[in-house]
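Data block below; observations after.
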Amino acid sequence: MKANTSIASALLIATLSASALLSGCGVGEARVAEVIESATPVPVETAKPFRADIDATYAATASIVSDADAPVVARVAGEVIELLVEEGDRVKQGQVLARLDGERLKLEMLSAKANLEQAQKEFERNIDLHKRGLISAAMFEGLEFDVASLKASYDLKRLNYDYSSIRAPIAGVVSSRDIKPGETLAAGQVAFRITETSELLAYLQIPQAELSKFTIGHAATVNVASMPGQRFSATIIRISPTIDASNGTFRATAMIDNSGGDLAPGMFGRFIVAYERHSNALVIPEHALLDEDEETSVYVVNDGAVTRRVIETGIVEDGRVEVLGGLGEDERVVVVGHSGLRDGSKVLASTSDQGLFAG
């Protein structure tokens, strides 16, 4: 209330003085406006610098992919008689996904097994005869080779029969089912696709001028358009030592923690990589900076007036800027109401909560 009375008194004095000047000297109306304006405090909002950790960051965009993405193919031909999984199901490595009609393969396996067992018995009967020298070495070796050949044939038939059960080559989620019950598959035909999504990757193409800033282990955050405001954690796990001559960039591989299963391969992400951290830095809101001249400056409030102050700044992040010099920790800077201010302008200051500007 006292401040309002003082402002009103100042306005009254300024107006009377201007009127006296007009009546005595014939000064124009512009002079009156200048006198009134100079005596009127400008309402502004101010804030004090505060201490916080601040990171130097680099922003990049890239598609999110899976490093473990495998097609599941039919190893043998056959009719689909049973489907055991559907899209979206999580499966283990080696788990049976579907079965083909394997009766013919089973019979071939059993026939090969019978031939092998017969040859093995014949071979075993001749072992004693061979020791006693009653059969030639060549005949005995022929029997031995027959057993080995028939065993290999049996193993192959058994493997083909096992292939009538289509199994997952890796653990993950069934991302597509490309077959239907009753369909006859050819050997080599894709039946499913398995994708591991708990850890996803993104390949960031970064200008070569930034190469010295990046190191394996740097932390990053990821935002996707489908979940605005939600951030996911990522880490730089590989950095290519070569530069792509076509665009002058190098490739940094980011691994994304997707243990919650919210992200999916094919999403487009915006990555913020933190490559340098300054702990307990002195920071102010970025919009306190004056956008004029080539110097970085702020308006500092002291005794109801502002002084334009050149400052040295460092890292800028999330609407905050690091102050390296030129500003004391107990001083107040204008954060709202810069327009119309000049060095020495009178202001009516209110205080802003620093939490609004803490990122």
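Every number in this text was worked out from the coordinates using simple rules, so none of it is lab data. Note that this is a predicted model, so its numbers are computed, not measured. Quick reminder, even Gly has a Cβ in these numbers, built from the backbone with ideal geometry, and neighbours come from all protein chains shown.
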Check your understanding: Tell me, what is the FRET efficiency for residue 213 and residue 68 to the nearest 0.05, using R0 = 25 angstrom and their Cβ-Cβ distance as r?
Key -> 0.25
Check your understanding: Under the rule of -39500 (n - 2.57) per DSSP H run of 4 or more residues, summed and divided by the residues of the chain, what mean residue ellipticity at 222 nm is obtained, to the nearest 500 deg cm²/dmol?
Key -> -9000 deg cm²/dmol
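Let's test the formula: R0 of 35 Å, r as the Cβ-Cβ distance of residue 294 and residue 205. What FRET efficiency results, to the nearest 0.05? Intermediate values should be presented prior to the final figure.
Numbers: r = 32 Å, r/R0 = 0.91.
Once the sixth-power term is evaluated, E becomes 0.65.
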**Study point:** Whole-angstrom Cα spans of the chain along principal axes, big to small
**Key:** 147, 44, 40
Exercise for review: Find the relative contact order for the range 254-359 and round it to a whole percent, using C-alpha pairs within less than 8 Å whose residues are 6+ positions apart.
Suggested key: 26
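Taking Rh as the Kirkwood radius, which is the inverse of the mean 1/r over Cα pairs, what is the Rg/Rh value for the range 72-195? Kindly include the intermediate steps, with their values, before the conclusion.
Details: Rg = 20.7 Å, Rh = 16.8 Å.
Computed over Cα atoms, the ratio is 1.24.
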Point to revise | 18 Å Cα-Cα reach of residue 106 towards lysines, excluding residues that sit fewer than 8 places from it in its own chain | key: 151, 157
Check your understanding: Hey, can you rank 180-192, 126-138 by average C-beta count inside 10 Å, highest first?
Key -> 180-192, 126-138
